Amino acid sequence: MLTIRQIRDNEEYAIERLSVKGVDARATIEAIEELDDRRKALQTKLDKNLASQNSISKQVGALFAQGKKEEAGAARESVSALKEEARALEEELKEAESALTAQIVTLPNFPSVEVPAGRTAGDNVVVRQGGDIPVLGDSAVPHWDLVARYDIIDFELGVKLTGAGFPVYKGQGAALQRALITYFLDCNIAAGYTEVMPPLMVNEASGFGTGQLPDKEGQMYHATDDNFYLIPTAEVPVTNIFRDVIVDASQFPIKYTAYTPCFRREAGSYGKDVRGLNRLHQFDKVEIVQVARPEESYDALEGMVSHVEGIVRSLGLPYRILKLCGGDMSFTSALTFDFEVYSAAQGRWLEVSSVSNFESFQANRLKLRFKGDDGKMRLAHTLNGSSLALPRIVAALLENNQTPDGIIIPEVLRPYTRFDKIK
RNA sequence: GGAGAGAUGGGUGAGUGGCUUAAACCAACAGUUUGCUAAACUGUCGUACGGGAUUACUGUACCGGGGGUUCGAAUCCCCCUCUCUCCGCCA
């Protein structure tokens, strides 16, 4: 969430920034201003009341000690009167505070000045494109046919065991998953990221920390007996490592990477977009997370983008990098780059990574801070990205590398798969 | 799952209703002293939200979380969470 400072320091600027995301925030910001003033006035009043309660109560003890019972009794009564008033004030203050928070959380993060204007995915800007789009013969087929032909991924078996969207990887298909995960992790570790293996279930507080709760509750699987949620991405446990943490400024930039399965209910998805590996309820992903000093977070973002680009390039996949426009960005992001790889047999681009700088938007909710050079507490910046999500990478690899006598494994993966062809 | 014991600042740890403005020690930071290192001494040493000339200064809240009793709660009561020990179950 935004800080009250960010909103009130320059209200016109805030309104202008939010309009880039297609949000007309004027009315909300005016309401925030009013509620914040109200909150401050109430707190001042309540604090004064409490201060007199404290000092009178202290006198009561002294008066009793001196044997002045009547005066003590009178003082006692005056505190009781103050208490009643305080109860009412407290009630009002709580109301004002929660009304204020309720307004603030409706506002998305400010998009950075770099964000292009636009409303839909069509307005995203291609910043780079690389690799060659292969020309496949007439016999080329989409990955859902290939995986059946080579018996490497069994969707029907997954349906039997669990349900749609829970594939079973078999033989060389399973080995390919393991190879990709290990390869991605090795790339990230080589780039200075520390590997972590977090829990795959998180508690409610963690869900709130990264903003999955309360808004996206329906997107997570919920183990109700223990009130745990299956993680939709490693971002949730890894970023929550920093919840309520004051980091030592000398630690910046903090770089973590984690492989986890990801679980998403994907309620409401249907059609050809979800065919095969395009959209699953359980899939594998390697994530990178950074916590950075605010002044350095955009350099960090650039570093993450070129790092991910290097990995995609090493796999020999045709790719492009998009800078998302205001209307297509997530609620929490300040600047996002999406990576897409070209799926030759489907004839479409598939999103395989999303790399974002959240500036202080997540950190504010997480209370992730550090002590600045002036000794004052400041919010850190958080960033994350996929590096990479497996299913669509696998889809593109299978489709683009298919030949009449098997599917070619990219050079860089062969030390991990220990075979050079799926057949 | 059962029984018991606990949770106090960055750390150790005292504090069983007002004398606590949370002691003391350690760590950290600044200064003094000093050939160097070390030591000693002095001082500083939380977070959040308010008031204020946005300096100084000052108010309130916070002793795992939430409620309650009381003029007054770290301290008494209730609920919850977590940790430790023992038992049970278990890869």
In sequence order, calculated HN-Hα J values of segment A:220-235 (Karplus, 6.51, -1.76, 1.60; Hz; x Gly/Pro): 10, 6, 10, 8, 6, 4, 10, 6, 10, 10, 6, 6, x, 6, 5, 3
Residue-averaged 222 nm ellipticity for chain A, from DSSP H runs of 4+ at -39500 (n - 2.57), nearest 500: -13500 deg cm²/dmol
Highest-MSF residue in chain A out of A:Val115, A:Val127, A:Val394 [GNM, Cα springs under 10 Å]: A:Val127
Between segment A:107-125 and segment A:1-64, the alpha-carbon center distance in angstrom: 30
Exposure proxy order (Cβ contacts within 10 Å, fewest to most) of A:Ser250, A:Ser98: A:Ser250, A:Ser98
Debye log10 I(q)/I(0) at q = 0.08, 0.09 Å⁻¹ for chain A, Cα point scatterers: -0.55, -0.66
Per-residue Cβ neighbour rank within 10 angstrom, fewest leading, A:Leu317, A:Leu18: A:Leu18, A:Leu317
A:Asp145-A:Glu195 pseudo-label distance in nm [points 7 Å out on the Cα-to-Cβ vector]: 3.8
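Can you give me the span-like helices of chain A, meaning DSSP H runs with 27 Å or more of Cα extent along the axis and Kyte-Doolittle mean at or above -1.0?
Going by DSSP H runs, the hits are A:26-65, A:69-104.
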Ascending count of other beta-carbon atoms within 10 Å, so fewest first, for A:Arg265, A:Arg418, A:Arg178: A:Arg418, A:Arg178, A:Arg265
5 angstrom amide H check on A:Ala389, placed H, neighbours 5+ away: A:Val286
24 Å Cα-Cα reach of A:Lys421 towards lysines, excluding residues that sit fewer than 8 places from it in its own chain: A:Lys170, A:Lys285
Per-pair calculated FRET efficiency, R0 = 60 Å: A:Val126 and A:Ala51 via Cβ, rounded to 0.05: 0.45
Mean separation of Cα contacts under 8 Å, 6 or more apart, over the residue count of chain A: relative contact order %: 19
Highest-fluctuation residue, A:Gly326, A:Gly73, A:Gly163 considered, GNM on chain A with Cα pairs under 10 Å: A:Gly73
Two-site FRET efficiency, A:Ala102 against A:Ala267, from Cβ-Cβ distance with R₀ of 22 Å, rounded to 0.05: 0.35
Dipole of chain A [Lys/Arg +1, Asp/Glu -1 at C-beta], most positive-end residue of A:Ala175, A:Asn203, A:Ala72: A:Ala175
Among A:Asp123, A:Asp338, A:Asp215: highest mean-square fluctuation, GNM of chain A, C-alpha pairs under 10 Å: A:Asp215
Distance between modelled label sites at A:Asp405 and A:Ala27, nm, 7 Å Cα→Cβ extension: 6.9
Mean-position separation - Cα centroids, segment A:146-198 and segment A:382-423, in angstrom: 10
Segment A:54-187, dipole about Cα centre (Lys/Arg Cβ +1, Asp/Glu Cβ -1), debye to the nearest 20: 440
Additional length obtainable on full extension of the chain from A:Asp138 to A:Gln43, 0.36 nm per residue less Cα span: 26.9 nm
Among A:Gly218, A:Ile189, A:Gly131 - extreme Cα towards positive end, dipole of chain A, charges at beta-carbon: A:Ile189
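Every read-out reported here was derived from the displayed coordinates using simple, explicitly stated rules and does not represent laboratory data. From a predicted model like this one, the values you see are computed outputs, not experimental measurements. No Cβ is skipped: glycine too gets one built from the backbone with ideal geometry, and neighbour counts run over all protein chains shown.
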